[in-house]
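I have placed the structure first, in the form of C-alpha cells, so that the comments after it can refer back to it.
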Amino acid sequence: MTDFTIPLPPHVRQELDDLADATGRLPEDIALDAVLHRLARESSAVRGMAESLAGAHADLLRRLGE
C-alpha cells in the first residue's frame, strides 16, 4: 500500500478522531472506507452514464466502427 496525505481542516480531523475513538477503529481505516465507498459510487454512476450514452448513440458508434 502507498501513503497518500490529505490535509484536513482541524474540525474535520477532530470529528474523524472522535469517530475513530468511539468505534475503536483507526482514523486511517475510516478514511480508507470512505474513499472506497466514494470510488464505488462514482464509478457506478460514470458506468451508468457511459452505458446510457452508448445506447443512445449505438447507431452512430456502429457506423464509426465500420
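The values are calculated or read from the model by the stated rules, or taken from the named source; none is laboratory data. In this text, all values refer to a predicted model and were calculated from it rather than measured experimentally. Virtual Cβ from ideal backbone geometry, glycine too; neighbours counted across all protein chains shown. Side chains included, ligands, DNA and RNA excluded: accessible areas come from the protein's heavy atoms. Shrake-Rupley method; radii C 1.70, N 1.55, O 1.52, S 1.80 Å.
Within the set of pairs 6+ apart or on separate chains, which have a first residue in region 18-32 that is free of Cβ contacts under 8 Å to residues at least 40 places away in the same chain, a second that is open to solvent by 70 Å² or more (accessible area, probe 1.4 Å), and C-beta atoms under 7 Å apart? Short answer, once both residue conditions are applied: Ala20/Leu26; Ile30/Leu19. Taken over region 55-66, the criterion of being surrounded by 11 or more Cβ atoms within 10 Å (Cβ to Cβ) and among the hydrophobic types (A, V, I, L, M, F, W, C) is satisfied by Leu61 alone. Among the residues of region 18-54, those identified as open to solvent by 80 Å² or more (accessible area, probe 1.4 Å), aliphatic (A, V, I, L, M) and closer than 20 Å to Pro7 by Cα are Leu19, Leu26, Leu36, Leu39.
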